Amino acid sequence: MYYVYILKSKKDKKLYLGYTKDLRKRLKQHNSKKTFSTKDRVPFSLVYYEAFASQKDALAREKQLKQFKSAYGQLKKRIKESLNA
């Protein structure tokens, strides 16, 4: 499986959107400061993910969410209670 995920920093409350093949391993990498782009914002909690059987589908979804603010905004509206938790 391939995953598109959203993490929320417990430090600054900002979100991080990413893609991975191993969700548990990737979350551990973020929280152990092994990811350059997020190392100053740890700890993170997983607030949302989507699973795909196809790597192409997962990458297309990640690209859609990163390129189109309306798609990302709609997703955030759909999961707003999870984002506030």
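Quick notes on this structure:
- Long-range neighbours under 6 Å by Cβ, at least six apart or interchain, first residue of a type in the set (D, E) within the range 31-52, second surrounded by 14 or more Cβ atoms within 10 Å (Cβ to Cβ) and modelled with pLDDT of 95 or more: E50/V4
- Residue count for the range 29-38, restricted to those that are assigned to a helix (DSSP H, G or I), over 22 Å from N84 (Cα atoms) and of a type outside the set (S, T, Y): 2.
- Residue check, Y5 in contact (Cβ under 8 Å) with a residue 40 or more places away in the chain, under 15 Å from K76 (Cβ atoms) and either in contact with a His (Cβ under 9 Å, 6 or more places away or on another chain) or not in a loop (DSSP other than H, G, I, E, B) (or both): yes
- When the residues of the range 8-46 are filtered to those that are aromatic (F, W, Y) and surrounded by 14 or more Cβ atoms within 10 Å (Cβ to Cβ), the one that is nearest to Y72 (Cα to Cα) is Y16.
The values are calculated or read from the model by the stated rules, or taken from the named source; none is laboratory data. Note that the structure is predicted; figures quoted are calculated from it, not measured. Virtual Cβ from ideal backbone geometry, glycine too; neighbours counted across all protein chains shown.
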